[in-house]
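The values are calculated or read from the model by the stated rules, or taken from the named source; none is laboratory data. Keep in mind it's a predicted model, so treat the numbers as computed, not measured. Counting neighbours? That spans all protein chains shown, and the Cβs are built from the backbone with ideal geometry, glycine included. When the accessible area is computed, the model is the full protein with side chains, heavy atoms only, and any ligands, DNA or RNA have been set aside. Shrake-Rupley method; radii C 1.70, N 1.55, O 1.52, S 1.80 Å.
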Amino acid sequence: MEKSRILSGIKPTGRLHIGNYFAMMRPAIQWQEKGEALYFIADYHALTTLRDPAKLREYSGLVARDFLACGLDPSKAVLFRQSDVPSVTELAWLLSTVTPMGLLERCHAYKDYLARGIPPSHGLFAYPVLMAADILIYDSDIVPVGRDQKQHIEVTRDIAVKMNETFGEIFKLPEPSILPDVAAIPGLDGQKMSKSYDNTVELFLEEKALKKKIMGIVTDSTPVESPKDPAHSSILALYRLFASAPEVSQMENEFASGGVGYGDFKKRLFAAIWEYLAPMRARRAGMDPGHVEEVLQAGARRANQLAAQTMARVRRAVGL
Ligand code: TRP
């Protein structure tokens, strides 16, 4: 059997945070052992909300570097910039000609923007079509994404079916892969960790800045001596991601028994995060920017090779 092809993208709209790591990067890095994995920096998509060229360039570079620091192995997985494969926008156009408006009007992400009173651009509306092009152009089998992106994968499948019905069998239908256990990583305020809530903990902060963030986690006002509620604690939820099993049970016991304050728990959480990230921090510090660029360029060559095959097939099928 042919190796399955795994594909995912990450938008370079900020510095990567712990939520990105557990929800996207870590699973992506694990997938590199199981098939041909392709990951890209979704800079075209980022432009729907980020209009600062210097920032876009900076974040794109950081995402690439951080991905490599976290263990993405360029001898196993392909890492590239979305915009280094411009034919993906041609495919997005072709897909848009068969995409019903209603399909896009139903997308949660789009409706959220409307609900927040943000005047949507056409790019934001058409966002899922470009995403479908990203996925279909590489004949992807599996798309590891966060739960918030599941609907976009369903839209991709609907668009692929429409194309196949209209022009003959062009595309295979991709499957989403959603990791249930880390789907909701709490941020500093207890809501899901997300840039839009301004409650993130970035992966590669300086020691002091990281400590400050962790000490700022919002807690209730249970006194030191009283038992604490483990079910709604961001501290414990984050600690479970970074600490060993015995360390976690110890903290759980101390939540239940009382006698330890939130400040102590936070210090322990900080220490666990700092230690967990140490090898990645070291790899990141030693990384030459030239190396990152070489990886991206080699990735772009491979991605373009695959895209060209698909585009030849699609152009022929539609009559171009
Ligand atoms: N929309 C995704 C996000 O915000 C990023 C993305 C763009 C993507 N294109 C993709 C993810 C294709 C998977 C496949 O997280």
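Across the range 109-119, the number of residues qualifying as farther than 16 Å from Ala46 by Cβ and either loosely packed, with under 13 Cβ neighbours inside 10 Å or not hydroxyl-bearing (Ser, Thr, Tyr) (or both) comes to 7. Does Leu50 fit the bill of being open to solvent by less than 30 Å² (accessible area, probe 1.4 Å), in contact (Cβ under 8 Å) with a residue 24 or more places away in the chain and part of a helix (DSSP H, G or I)? Taking the combined requirement at face value, the residue does not satisfy it.
Considering the range 1-36, the residues that are part of a loop (DSSP other than H, G, I, E, B) and aliphatic (A, V, I, L, M) include one that is nearest to the ligand (Cβ to nearest atom), namely Leu16. When you look at Ala303, is it small (Gly, Ala, Ser) and either open to solvent by 70 Å² or more (accessible area, probe 1.4 Å) or in contact with a strand residue (DSSP E or B) (Cβ under 7 Å, 6 or more places away or on another chain) (or both), yes or no? The answer is yes for Ala303. Taken together, Ala160, Ala184 contain a single residue that is among the small types (Gly, Ala, Ser), on the phi < 0 side of the Ramachandran plot, within 16 Å of the ligand (Cβ to nearest atom) and open to solvent by 70 Å² or more (accessible area, probe 1.4 Å), which is Ala184. Each residue in the range 163-172 was checked for being open to solvent by less than 50 Å² (accessible area, probe 1.4 Å) and farther than 15 Å from Asp139 by Cβ, and 1 pass.
Here the range 261-278 is the region considered, the condition is being open to solvent by less than 30 Å² (accessible area, probe 1.4 Å) and free of Cβ contacts under 8 Å to residues at least 60 places away in the same chain, and the residue that is farthest from Glu36 (Cα to Cα) is Gly261. Counting the residues of the range 5-39 that are under 8 Å from the mean Cα position of the chain (by Cα) and of a type in the set (Lys, Arg) gives 1.
Condition check for Lys172 on (1) more than 16 Å from the ligand (Cβ to nearest atom); (2) part of a loop (DSSP other than H, G, I, E, B); (3) free of Cβ contacts under 8 Å to residues at least 40 places away in the same chain: one failure, at (1).
Only one of the numbered conditions (1) under 16 Å from Gly9 (Cα atoms); (2) open to solvent by less than 60 Å² (accessible area, probe 1.4 Å); (3) within 15 Å of the ligand (Cβ to nearest atom) is violated by Gly61, and that is (3).
Of all residues in the range 279-290, those satisfying the criterion of being free of Cβ contacts under 8 Å to residues at least 24 places away in the same chain and surrounded by 11 or more Cβ atoms within 10 Å (Cβ to Cβ) are Pro279, Ala282.
Every residue, every condition in (1) part of a loop (DSSP other than H, G, I, E, B); (2) touching a Lys or Arg at 6+ places or on another chain (Cβ under 7 Å), yes or no:
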{"residue": "His45", "(1), (2)": "no, yes"}
{"residue": "Leu56", "(1), (2)": "no, no"}
{"residue": "Gly61", "(1), (2)": "no, no"}
{"residue": "Arg65", "(1), (2)": "no, yes"}
{"residue": "Leu68", "(1), (2)": "no, no"}
{"residue": "Asp73", "(1), (2)": "yes, no"}
{"residue": "Ser83", "(1), (2)": "no, no"}
{"residue": "Leu91", "(1), (2)": "no, no"}
{"residue": "Leu94", "(1), (2)": "no, no"}
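Annotation for the range 187-207: at least one member residue is within 13 Å of the ligand (Cβ to nearest atom) and loosely packed, with under 14 Cβ neighbours inside 10 Å. Taking the criterion of being in contact with a helix residue (DSSP H, G or I) (Cβ under 6 Å, 6 or more places away or on another chain) and near the ligand (Cβ under 10 Å from one of its atoms), the residues of the range 122-133 that qualify are Pro128, Leu130, Met131, Ala132, Ala133.
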